[in-house]
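Structure first, then comments.
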Amino acid sequence: MSIPDLSIIIPVYNEEAVLPEFQKRITSVMATLGLSYELLYVNDGSVDTTLELLRELKTADPQVCYINLSRNFGKEAAVTAGIDHAMGSAVIIIDADLQDPPELISELVAPWKEESIDVVYARRKSRAGESWVKKTTAAFFYRFMGKIGPVALPRDTGDFRLMSRRSIEALKTLREQHRFMKGLFAWVGFPQREVLYDRDERFAGETKWNYFKLWNFSLDGITGFTTAPLKLATYLGFAIAVFSGVFGLKIIFETLVNGVDVPGYPSVMVVVLFLGGTQLMFMGILGEYVGRIFNESKNRPLYLIQDFEKTCPLKDDEIEAVSLNGE
Ligand code: UDP
Ligand code: MG
């Protein structure tokens, strides 16, 4: 099997409304580039007709291949599955909803081709069609991560980027369960370059990230197998610490003005409440870390492949697993 110049990885989850249009646009862009390529779709457990559409695309276009995951694993896992199976000398990660304009790919490719830049990421100038809540939370998040993170995260950047073979190989060695992709991208380093663009509105369909869905999702998770209750201690402890701090000031102030009813009571109260709150808070923080160790130590696979279009090369052990299932 010959190695294509580019592997385009497209995670798709219930994207029937945009998929044909996306395919049309990406194919016309790729035709202008004069590079060989594979379009590697990763179906992340879609419940609409996305998979059927992918099968149709596959019959119509030999560049298309797809991996079908056994359920919805989330975008990070889907991208990881794509990265694991991409063959290209460079890999491009792009959303299917046309918020990442495929036309920008030529600009992403140029620095890699001409100057051997390993990572070329698209940075958005604007965020059309996103609510102010999303914009504010995103802005806050980047600022916060920039302050506390070990590696600087480029601002206003998503997963839309080109990565060279050696940076992809580096990324493949990071197998943690909690896959914060932006952080992983930044962690591998290598020469990087940004390309500015205007982020379009979603072409059709809906974003998978509404806040209510995230909330319900997390409630389901609690009963199943998350460590979320540990978090409660963090927030409860923090609230108690703040409250007792304020309450303490009040007692101190009243004691200074009115004198003492029962000797020793105010100071004991302040110390007990404050220490209790702080201890709970730090136990909560410890819990956060223990919870993550718990998840990592289970060492579960990051995703499971249900079936795939054969032109997508698989790792040897996966081919074995599939043939064991009699396929
Ligand atoms: N996606 C996915 N699995 C998910 C959620 C999303 O593969 O569980 C894909 C989705 O099909 C799209 C991309 O990730 O191609 C970005 O998703 P979305 O547009 O919903 O996110 P947003 O742009 O709002 O951040
Ligand atoms: Mg989107």
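The values are calculated or read from the model by the stated rules, or taken from the named source; none is laboratory data. Just so we're clear, the structure is a prediction, and the values are computed from it rather than from any experiment. Heads up, the Cβs are rebuilt from the backbone with ideal geometry, glycines too, and the neighbour counts pull from every protein chain shown. Surface accessibility is based on the protein's heavy atoms, side chains included, excluding ligands, DNA and RNA. Shrake-Rupley method; radii C 1.70, N 1.55, O 1.52, S 1.80 Å.
At a glance:
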{"quantity": "Hits in the range 1-16 - residues which are more than 22 Å from the chain's Cα centre (by Cα) and either within 12 Å of ligand 2 (Cβ to nearest atom) or not hydrophobic (A, V, I, L, M, F, W, C) (or both)", "calculated": "2, 4, 5"}
{"quantity": "Check on residue 242, at pLDDT 80 or above and more than 16 Å from ligand 1 (Cβ to nearest atom)", "calculated": "yes"}
{"quantity": "Complete set of residues in the range 1-59 that are surrounded by fewer than 20 Cβ atoms within 10 Å (Cβ to Cβ) and charged (D, E, K, R)", "calculated": "5, 16, 21, 24, 25, 48, 52, 55, 56, 58"}
{"quantity": "Which numbered condition residue 297 misses (of (1) at pLDDT 80 or above; (2) touching a His at 6+ places or on another chain (Cβ under 8 Å))", "calculated": "(2)"}
{"quantity": "Qualifying residue in the range 104-121 (condition: surrounded by fewer than 16 Cβ atoms within 10 Å (Cβ to Cβ), touching a residue at least 60 places away in the same chain (Cβ under 8 Å) and under 23 Å from the mean Cα position of the chain (by Cα))", "calculated": "no"}
{"quantity": "Test: residue in the range 56-63 that is more than 16 Å from ligand 2 (Cβ to nearest atom), under 14 Å from residue 9 (Cα atoms) and modelled with pLDDT of 90 or more", "calculated": "no"}
{"quantity": "Leading residue by the ranking (modelled with the lowest pLDDT) among those in the range 145-202 that are within 16 Å of ligand 2 (Cβ to nearest atom) and closer than 20 Å to residue 5 by Cα", "calculated": "159"}
{"quantity": "Criterion violated by residue 136 - all others in (1) open to solvent by less than 70 Å² (accessible area, probe 1.4 Å); (2) modelled with pLDDT under 85; (3) under 23 Å from residue 97 (Cα atoms) satisfied", "calculated": "(1)"}
{"quantity": "Selection count where residues are within 16 Å of ligand 1 (Cβ to nearest atom) and in contact with a helix residue (DSSP H, G or I) (Cβ under 8 Å, 6 or more places away or on another chain), scope the range 102-127", "calculated": "5"}
{"quantity": "Flag if residue 265 is of a type in the set (Ser, Thr, Tyr), closer than 30 Å to residue 171 by Cα and open to solvent by 100 Å² or more (accessible area, probe 1.4 Å)", "calculated": "no"}
